[in-house]
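Single-structure report; data block below.
The values are calculated or read from the model by the stated rules, or taken from the named source; none is laboratory data. Not measured: the values here are computed from a predicted model. FYI the Cβ positions are ideal-geometry reconstructions off the backbone, even for glycines, and counts take in every protein chain you see.
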Amino acid sequence: MRIYLDNSATTKVNSKVVKEMEKYNSLEYGNPSSQHSLGEKAQKTVTKAREFIAKTINAKPQEIYFTSCATESNNITIQGLAKANLEKRKIIISSIEHPSIAEPCKFLESKGYKIVRIPVDAQGHIRLDSLKRELSDDTLLVSVMHVNNLFGTIQNIEKIGKLCKEKSIPFHTDASQSLGKLNINVQAQNISLLSASAHKIGGPKGIGLLYIKENTEIEPLFYGGGQEKGLRSGTENVPGIIGLAKALELQIKVNKSKIEKLRDKLIDNLIKIHGKINGSIQDRIYNNINVSFPLVNAEVLVQYLSKKGIYISSGSACESKKEKENDALRALGLNSLEIKGTVRISLNEDITDKEIKIVSNEIKKAVKKLSI
């Protein structure tokens, strides 16, 4: 038995994505920069993928840049904007950002930048009144993730974008957990920059995207052959780009309401065994559960379930990253015992009602056995 419930960390690559990519690994393997017919075919393929991705978020094709992952996209955003706008030394982020936003900001903080970390309420929503007070003429950027990777709370990015637009401040969102899952319209939501990765939606690892609104002043982090309009040099990962586009196409078609209903059934079962659900219940991405069992060590629970063929997450294996994840949970008001007993369960379209029952029963047995 294998029940994989760690889809917020990474997903199984969809078989249709694998099939689509294979052609560009073994047959149409040209370099898009080459002038012969194989290169031209590769370039046309990349252009088609760029156009499709742009259309899904209501962007222009020339505003889509391909990177290796959302982490790279986030670093280009933070550091690239800083390089291009030296006079602006204030950056505003939420207190629950992913390390790929928090760490570049921490680096810039050591160089004299002012980093403002906006608090969240007990449901994980950014405090818009605090954000509004901090917006000023010297603000380089506001960066708030669309969906929190740990506890799944969805931010009202349209309201955040509107506040930023009123002050002519670029607004960036990390959409790693929301691309293809929630409606994204960069025009209507006033998004200036957006990051995402393929491997969160059934695509391959090693490919991501960065949307940058036209006329945004930004500098590259490294230099080379000038690919991606000079922002991200290096031979394009054609199979990866194709995989990203195909994965996005398939993700959009996923039966989200089915997953949400099964997710809610599992939440109800976890509450009955005294699990504390963290993050917003209403404004939560449809496949996420973050739950605390204060009398259980989450790492032990994860290992116990793993031996049963059930795979969930207790946080990062890296201690430094885990502490940053714990900071996000503290921002919700969780105490030390609750944090120590917190696990994340993230479903995909393959989940069944039978598997929900199995998982519920195994967690119930585990909590009873492992409680202090």
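Determine if segment 142-157 includes at least one residue that is more than 20 Å from Ser195 (Cβ to Cβ), assigned to a strand (DSSP E or B), in contact (Cβ under 8 Å) with a residue 24 or more places away in the chain and in contact with a strand residue (DSSP E or B) (Cβ under 9 Å, 6 or more places away or on another chain). No, segment 142-157 contains no residue that is more than 20 Å from Ser195 (Cβ to Cβ), assigned to a strand (DSSP E or B), in contact (Cβ under 8 Å) with a residue 24 or more places away in the chain and in contact with a strand residue (DSSP E or B) (Cβ under 9 Å, 6 or more places away or on another chain).
Based on what the data block shows, is Ile252 in contact with a Gly (Cβ under 6 Å, 6 or more places away or on another chain) and surrounded by fewer than 19 Cβ atoms within 10 Å (Cβ to Cβ)? Here the answer is yes, as Ile252 does meet what is asked. Taking segment 337-372 as the range and being of a type in the set (Gly, Ala, Ser) and modelled with pLDDT of 95 or more as the test, the residues that pass are Gly341, Ser346, Ser360, Ala366.
Filtering segment 214-252 to residues that are charged (D, E, K, R) and under 19 Å from the mean Cα position of the chain (by Cα) leaves Lys246, Glu249.
Tell me, please, whether a residue that is part of a helix (DSSP H, G or I) and of a type in the set (Asp, Glu) can be found in segment 88-99.
no
When residues in segment 100-113 are screened for being hydroxyl-bearing (Ser, Thr, Tyr) and not in a loop (DSSP other than H, G, I, E, B), 2 of them pass. Contact map, segment 161-186: first residue over 20 Å from Ile218 (Cα atoms), second residue surrounded by 22 or more Cβ atoms within 10 Å (Cβ to Cβ) and among the small types (Gly, Ala, Ser), Cβ cut-off under 7 Å, separation 6 or more or different chains; pairs are Ser176/Ala70; Ser176/Ser195; Ser176/Ala196; Ser176/Ser197; Gln177/Ser8; Leu179/Ala196; Ile184/Ala175; Ile184/Ser178. Just one of the numbered conditions (1) surrounded by 15 or more Cβ atoms within 10 Å (Cβ to Cβ); (2) out of contact with any Leu (no Cβ under 8 Å at 6 or more places or on another chain); (3) not charged (D, E, K, R) is not true of His36: (1).
One line per residue, one yes/no per condition, for (1) in contact with a Pro (Cβ under 7 Å, 6 or more places away or on another chain); (2) over 20 Å from Ile252 (Cα atoms); (3) touching a residue at least 12 places away in the same chain (Cβ under 8 Å):
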site: Gly30; (1), (2), (3): no, yes, yes
site: Gly39; (1), (2), (3): yes, yes, no
site: Lys44; (1), (2), (3): no, yes, no
site: Tyr65; (1), (2), (3): no, yes, yes
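All of Leu250, Leu295, Leu244, Leu337 fail the test of being more than 19 Å from Leu5 (Cβ to Cβ) and in contact with a Lys or Arg (Cβ under 7 Å, 6 or more places away or on another chain), apart from Leu250. Asp121 satisfies every condition listed in (1) surrounded by fewer than 17 Cβ atoms within 10 Å (Cβ to Cβ); (2) more than 22 Å from Asn326 (Cβ to Cβ) except (2). Residue check, Lys229 against (1) of a type outside the set (Val, Ile, Thr); (2) surrounded by 17 or more Cβ atoms within 10 Å (Cβ to Cβ); (3) modelled with pLDDT under 95, all met but one. Which one? Of the numbered conditions (1) of a type outside the set (Val, Ile, Thr); (2) surrounded by 17 or more Cβ atoms within 10 Å (Cβ to Cβ); (3) modelled with pLDDT under 95, the odd one out for Lys229 is (2).
One residue stands out in segment 189-204 among those that are assigned to a strand (DSSP E or B) and touching a helix residue (DSSP H, G or I) at 6+ places or on another chain (Cβ under 6 Å): the one that is farthest from Ala59 (Cα to Cα), namely Ser197.
Looking at the structure I just gave you, is Thr47 closer than 29 Å to Ala188 by Cβ and surrounded by fewer than 17 Cβ atoms within 10 Å (Cβ to Cβ)? Yes, satisfied. Within segment 127-148, the residues that satisfy the criterion of being over 17 Å from Ile78 (Cβ atoms) and crowded, with 23+ Cβ neighbours inside 10 Å are Val147, Asn148. Just the residues that are aromatic (Phe, Trp, Tyr) and either under 22 Å from the mean Cα position of the chain (by Cα) or not in a helix (DSSP H, G or I) (or both), please, taken from segment 1-33. Tyr4, Tyr29, listed by residue number. So, of the residues in segment 232-247 that are crowded, with 17+ Cβ neighbours inside 10 Å and not hydrophobic (A, V, I, L, M, F, W, C), which turns out to be nearest to Leu86 (Cα to Cα)? Looking at the filtered set, the residue picked out is Arg232.
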